[in-house]
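The structure appears below as structure tokens.
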Amino acid sequence: MIHDVPTNAWDLELEELFLRTGARFPRVEARRRMRDYVRGLLGPVGRKNSWQLAEYAGHATPDGLQHLLSRSRWDADEVRDDLQAYVAEQLGEKNGVLIVDDTGFVKKGTTSAGVQRQYSGTAGRTENCQIGVFAAYATTRGHALVDRELYLPKSWTDDRERCQAARVPDDRGFQTKGELARDMILRALASPLLFSWVTADAAYGQDSHFRRFLEDHGLFYVVAVPKSQQVNGPRIDHLIAQAPPEAWQRLSAGQGAKGERSYDWAAARLPAIGEFDGDEPARQRWMLARRSISKPDEIAYYLACAPLEATVADLVRVAGCRWKIEECFQSAKNECGLDQYEVRRYVGWYRHITLAMLAHAFLAAMATQEREKGVTRPTRPTSWISHQLKSAVCWQLNPAAILHAATTR
């Protein structure tokens, strides 16, 4: 129920999205409840749990919405597939980037599927929480979450009785976060999403099996790695320390909340690996470093695999996309209730998270449409807001720095 929307474009677009996903809900009651749930996630609801969403929708009790998340017959993965097709239509471009990361959901108790005391990057410490591994899709047109998996620690998968109580499927065994990420990447490759690049933080980037997986599937990547990462023997921080001053160049990694994210970057081409690349390599591996302008001691490190014609600026662009998934987490939690669920069972987690992602993708699509039309009003209607490697690498020198050095001698 929207009263102060300047045009009906938002409502019409939302109805189109509901029609796209409606066939996934066999019963009319479930379709209506799904619509109410998503509208509530987009609405001015203080805390987006079943009670407050039900009140917003005009339901006498939350029973119907709780039934939607727990016992109703529908497959969240099918809705996920519709979501990916929608994002591909609304935001898709050939230069798309798939971003992998995880986020924590702090919880009390021990019965919520996958919950235990574990490190949460969201909280920055060890907490009693669930961890979700997510994939986001980003282009110059916009970005949105497109897939999700619940991480189940071994304390869960080794306890089948506990899993049964939380309705975890019997065939769900232990998978690392990296393995969950690989499953999502394979699904994205089979979807309408257009992308050839993947980026991720050091938790994924330091895994050689993950990088090998990307190369085996014809994907290029720029992934963060720890400073202790070995590159053909030496540590990457030791190699970057050998970079000549002319190797550093100031480039923007894209727009942030406070303007351009500018850093000093140094990049070096790495020698080909005959075992994998053959006599005529079709790709080029790199190491890359990002140095803070105001705090030069703060350096982040990356490994990359790129087309032969790729430039340092291309690598920086992909590395900068890494922040897009953090923006997705923030907006999906703040605006669509991604983390405001009270379900404990496995299926309920997937259903709530998928519907929150659907709401978030809708907002991303509408923001893109309005921006491309030159509309300057707020993002959405206010009524909705609630070898000797030293000689083998090839440093990419900054031409401006070389010219300056030559003219000041």
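The values are calculated or read from the model by the stated rules, or taken from the named source; none is laboratory data. Worth saying up front: this structure is predicted, and the values here are computed from it rather than measured. Methodologically, a virtual Cβ is constructed for each residue, glycine included, from the backbone with ideal geometry; neighbour enumeration extends over all protein chains shown.
Observations, loosely collected:
- In region 33-149, counting only helices (runs of 4 or more DSSP H) that sit wholly within it, none holds 3 or more residues that are touching a Cys at 6+ places or on another chain (Cβ under 9 Å), modelled with pLDDT under 95 and within 19 Å of Leu186 (Cα to Cα).
- Residue check, Glu342 assigned to a loop (DSSP other than H, G, I, E, B), more than 23 Å from Arg269 (Cα to Cα) and out of contact with any Pro (no Cβ under 7 Å at 6 or more places or on another chain): yes
- Residue in region 134-141 that is in contact with a strand residue (DSSP E or B) (Cβ under 6 Å, 6 or more places away or on another chain), of a type outside the set (A, V, I, L, M) and within 30 Å of Ala306 (Cα to Cα) present: yes
- The strands (runs of 3 or more DSSP E) located wholly in region 165-272 that include 2 or more residues which are touching a helix residue (DSSP H, G or I) at 6+ places or on another chain (Cβ under 6 Å), farther than 30 Å from Gln130 by Cα and at pLDDT below 95 occupy 249-256.
- Residue list for region 32-81, restricted to those being of a type in the set (Lys, Arg), crowded, with 19+ Cβ neighbours inside 10 Å and either over 20 Å from Leu145 (Cβ atoms) or out of contact with any Leu (no Cβ under 6 Å at 6 or more places or on another chain) (or both): Arg33, Arg39, Arg80
- Exactly one residue out of Leu251, Leu239, Leu194, Leu186 is under 26 Å from Glu326 (Cβ atoms), out of contact with any Phe, Trp or Tyr (no Cβ under 8 Å at 6 or more places or on another chain) and surrounded by 14 or more Cβ atoms within 10 Å (Cβ to Cβ): that is Leu194.
- Test set (1) on the phi > 0 side of the Ramachandran plot; (2) surrounded by 13 or more Cβ atoms within 10 Å (Cβ to Cβ) - Leu270 fails condition number: (1)
- Candidates Glu149, Glu93, Glu78, filtered to the one that is under 28 Å from Arg24 (Cα atoms), touching an Asp or Glu at 6+ places or on another chain (Cβ under 9 Å) and of a type in the set (Asp, Glu): Glu149
- If you go through region 197-236 and pick out every residue that is of a type in the set (Lys, Arg) and surrounded by 20 or more Cβ atoms within 10 Å (Cβ to Cβ), you end up with 1.
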